[in-house]
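Asker: One structure is given below, represented as structure tokens, and several questions about it will come after.
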Amino acid sequence: MSQFYIFVKKECLHIWRDRRTLFILVWMPIVQIILYGFALTNEVKNSRIAILDQSKDDATTAISNEIAASRYFNLVKNLHSYRDIDATFKQGLIRMAIVFPRNFQYDLLHSNRAQVQIIADASDPNTANTLTNYATAIINDYQLSLNNNEQLPYTIKTQLRMLYNPELKGAYNFVPGVMALVLMLVCAMMTSMAIVKEKEMGTMEVILVSPLRPFWIIIAKTIPYLLVSVLNIACILLLSVFVLGVPITGNLGLLIWESVLFTVTSLSIGILISNGAKTQQAAMFTSMMSLFLPTLLFSGFLFPVENMPVALQVISNVVPAKWYYIIVKSVMIKGLGFFAVWKETLILVGMTLILLFISISKFKIRLA
Amino acid sequence: MIGEKVISAEKLTKRFGDFTAVDHITFDVVKGEIFGFLGANGAGKTTAMRMLCGLSLPTSGSAMVAGFDVYRQNELIKKNIGYMSQKFSLYEDLTIRENIRFYAGIYGLTDDKIKEKSNLLINRLNLAGQEKSLVRSLPLGWRQKLAFLIAIVHDPAIVFLDEPTGGVDPITRREFWELIYDASSKGITVFVTTHYMDEAEYCHRVSIMVDGRIDALDSPANLMKEYASSSMDGVFLQLARKALRMSD
């Protein structure tokens, strides 16, 4: 098997000599994790709001103070008239405005009915929803505190518990997604390009005339990328634990084995792509179009698959990243064991075997 | 010519659908011979060569290469031949020594043998001191000579050369042919395709393929006599004009 070892060594030399690609291979996951973890967050924090207080009494002051003190809001402006609201929104200064009418406290205490208006910029519907919910919650809290001394006959109190991610951090969602994305790109794109490069250079022909069997040629070409992927997995996990504060609640060994399985799936896709592509550019383009976008769209990491039209949901089932994403979330975030993910694992194993079978048998046909 | 036959093809044929790329070719090549395999583009040279190298299965006919059958023993054939393609076939991003080590390694040479062969080869090409530079930095002529010596690094019975001197200047081509003669004198059979008719004259015997058939096979001197031409160029043109097939 020393011939095989010599081939793997040569392949590692290629990667090592091509410093620019190596740099991208190692840095891409790190940059992505940091970007997605910090910049692309969908958490609502410090949203800029304005308050139009036409009453200026104890009640409105108390509520305003509560809102201004909350970490969700940042009170940037006190408005003086209704016209200001529209103008301030148009300037893009605020995402939400709260309006207290005249005699707010008087109405509250004497007629038992007071109104407060919340106006939100719904050009971003999710954020608008979240903000109005937060504001409503703060106002309700204030109301409860008024009733503290009284015993209402019937009350329902909701108690919320956010499982697995009590702080509602976006990183819990992004880390598994980035892992799927990075492994897919590194393995599939890089291997397909590496194999096609030998075809382009003409070295593939010489190797095929050698006694080395095609099956081993393919395996030898993929092994270095498997190693790079393991390095990438380690980087991503270390970053997520120590920088983003996303803990690995499940079994680390299981997580790594599942990742290696997904890596092999991606490698076999890479081999399949290399069968069809004649140039490195073609291989890169095919990988980008057939892997990057589906992984981004259908893995469930940016958009929940359950909300898609049925046809797209069906399509999403053939995207390996979807299953891997579910596995990582279950194991890493929810701390579940193998029995919770055996089905997804089986699906990935099945996909990998089919892909490997097709790509290796096609590779042989090409020789005949 | 009398000698041990290392290649013998008998009515060897390859069809792709309706198209007969190689049409019942029959010939023998003996040990140590330099056999020129000529033909216009599209005449079927490459397909014939691929069958002999075990890269492609014949449709019909038979062939033995280095004593092994092309249908059943192509893995054994692969161990006993060397191959150099028309495309430049070394790794540009590896050093000279790494290229030698790789190709010698995949033919299963031991580490000691690889070291010995590498030193021999580097001295033969006067590349001592440069063995750690990337192949990318070598001039084309040197690369082709290096590629040839690497193709025979495992002392194969036969080496197949597919247009090995394409794009190389005449002086380097001369030097390249010296290497070929050298290999031939050591008993390595050389099977070479070329477009350069002056090179055809260097061969012991040449075959000329037209439309998938071998239309002429003899020593260059006899062929020139037979076709009443003063050069192989004239012989080739007379034969190639008969071609019905479009060249590509």
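Asker: I need to check one value: relative contact order of chain B, counting alpha carbon pairs closer than 8 Å and at least 6 residues apart, in percent.
Answerer: 26
Asker: With an 8 Å cut-off on Cα pairs and a minimum separation of 6 or more residues, tell me the relative contact order of the stretch A:1-160 in percent.
Answerer: With pairs under 8 Å counted, the relative contact order is 20 percent.
Asker: With +1 on each Lys and Arg Cβ and -1 on each Asp and Glu Cβ, how big is the dipole of the stretch A:10-95 about its Cα centre, in debye rounded to the nearest 20?
Answerer: Taking the Cα centre of the stretch A:10-95 as origin, the dipole is about 600 debye.
Asker: Still on this structure: Would you be so kind as to identify which of A:M288, A:C12, A:V341 lies farthest towards the positive end of the dipole of chain A, taking Lys and Arg as +1 and Asp and Glu as -1 on Cβ and the Cα centre as origin?
Answerer: Final value for the positive-end residue is A:C12.
Asker: Give me the percent of DSSP beta bridges within the stretch A:1-138 that run antiparallel, rounded to the nearest 5.
Answerer: 25
Asker: Using only atoms on other chains, find how many Cβ atoms lie within 10 Å of each Cβ of peptide A:192-201 and report the average.
Answerer: Across the residues of A:192-201, the mean count of other-chain Cβ atoms within 10 Å is 1.
Asker: Moving on. Arranged by the count of other C-beta atoms within 10 angstrom, fewest first, what order do A:M288, A:M193, A:M184 take?
Answerer: With the sparsest Cβ surroundings first, the list reads A:M288, A:M193, A:M184.
Asker: From the residues A:M190, A:V209, A:V175, which one has its Cα farthest along the dipole of chain A in the positive direction, the dipole being from +1 and -1 charges on Cβ of Lys/Arg and Asp/Glu about the Cα centre?
Answerer: Of A:M190, A:V209, A:V175, it is A:V209.
Asker: Which residue, B:S207, B:L134, B:N41, has the largest displacement toward the positive end of the dipole of chain B when charges sit on each Cβ (Lys, Arg +1; Asp, Glu -1)?
Answerer: Ranked along the dipole, the leading option is B:L134.
Asker: Could I ask something else about it? Over chain B, what is the percentage of antiparallel beta bridges among all DSSP beta bridges, to the nearest 5?
Answerer: 55
Asker: With θ set to phi - 60° and the Karplus curve 6.51 cos²θ - 1.76 cosθ + 1.60, what are the ³J(HN,Hα) couplings of the stretch A:208-225 in order, to the nearest whole Hz, using x for Gly and Pro?
Answerer: Karplus values, whole Hz, x for Gly and Pro: 5, 6, 6, x, 5, 7, x, 4, 6, 4, 5, 4, 4, 6, 8, 4, x, 6.
Asker: Could you work out the Rg to Rh ratio of chain A, with Rh taken as the Kirkwood radius (inverse of the mean 1/r over all Cα pairs)?
Answerer: Computed over Cα atoms, the ratio is 1.15.
Asker: In peptide B:150-162, what is the residue-averaged number of other protein chain Cβ atoms found within 10 Å of each Cβ?
Answerer: What the average comes to for B:150-162 is 1.
Asker: Taking each residue of B:94-105 in turn, how many C-beta atoms of other protein chains fall within 10 Å of its C-beta, and what is the average?
Answerer: Neighbouring Cβ atoms belonging to other protein chains average 3 per residue here.
Asker: So which lysines can B:K186 reach, going by Cα to Cα under 21 Å and dropping same-chain residues fewer than 8 places off?
Answerer: B:K5, B:K31, B:K78, B:K79, B:K113, B:K115, B:K117, B:K145
Asker: Continuing with the same structure: Shape of the stretch A:180-325 from its Cα gyration tensor (a ≥ b ≥ c, root eigenvalues): rounded if a/c is under 1.5, otherwise prolate when a/b > b/c, or oblate?
Answerer: Oblate, since a/c reaches 1.5 and b/c is not below a/b.
Asker: What shape does the stretch A:63-197 have by the C-alpha gyration tensor, where a ≥ b ≥ c are the square roots of the eigenvalues, rounded means a/c under 1.5, and otherwise prolate means a/b greater than b/c and oblate the rest?
Answerer: oblate
Asker: A further question on this structure: Classify the stretch A:1-148: rounded, prolate or oblate, from the alpha-carbon gyration tensor (a ≥ b ≥ c, eigenvalue square roots; a/c under 1.5 rounded; otherwise prolate if a/b is larger than b/c)?
Answerer: prolate
Asker: Here's something else I'd like to know. Fewest first, what order do A:S259, A:S145 take by the number of other Cβ atoms within 10 Å?
Answerer: Final ranking by Cβ density, sparse to dense: A:S145, A:S259.
Asker: Ok, one more. Using the Cα centre as the reference, give the magnitude of the dipole from point charges on the C-beta atoms of the stretch A:47-149 (Lys, Arg: +1; Asp, Glu: -1; all else neutral), rounded to the nearest 20 debye.
Answerer: 200
Asker: Of the peptides B:40-47, A:76-83, A:208-215, A:102-109, how do they stack up when ordered by the mean number of other Cβ atoms within 10 Å, highest first?
Answerer: Ranked by mean Cβ neighbours within 10 Å, highest first: B:40-47, A:208-215, A:102-109, A:76-83.
Asker: Something else now. Neighbouring Cβ atoms within 10 Å as the yardstick, rank B:L121, A:L336, B:L90 fewest first.
Answerer: A:L336, B:L121, B:L90
Asker: I would also like to ask the following. For chain A, what is the calculated [θ] at 222 nm in deg cm²/dmol (nearest 500), taking -39500 (n - 2.57) for each run of four or more DSSP H residues and dividing by its residue count?
Answerer: For chain A, the value works out to -20000 deg cm²/dmol.
Asker: Moving on to the next point. With a Cα-only, solvent-free Debye model of chain B, what are the log10 I(q)/I(0) values at q = 0.11, 0.16 Å⁻¹?
Answerer: Taken in order of the listed q values, log10 I(q)/I(0) reads -0.59, -1.19.
Asker: Separate question: Would you work out the charge dipole size for the protein assembly as shown about its Cα centre, treating the Cβ of every Lys and Arg as +1 and the Cβ of every Asp and Glu as -1, and quote it to the nearest 20 debye?
Answerer: 400
Asker: If you filter the stretch B:1-52 for chymotrypsin sites (Phe, Trp or Tyr not before Pro), then keep DSSP loop positions with at most 12 other Cβ within 10 Å, what is left?
Answerer: none
Every read-out reported here was derived from the displayed coordinates using simple, explicitly stated rules and does not represent laboratory data. Everything quoted here is computed from the prediction, not taken from an experiment. Because the Cβ atoms are built from the backbone with ideal geometry, glycine has one as well, and the counts that use them run over all protein chains shown.
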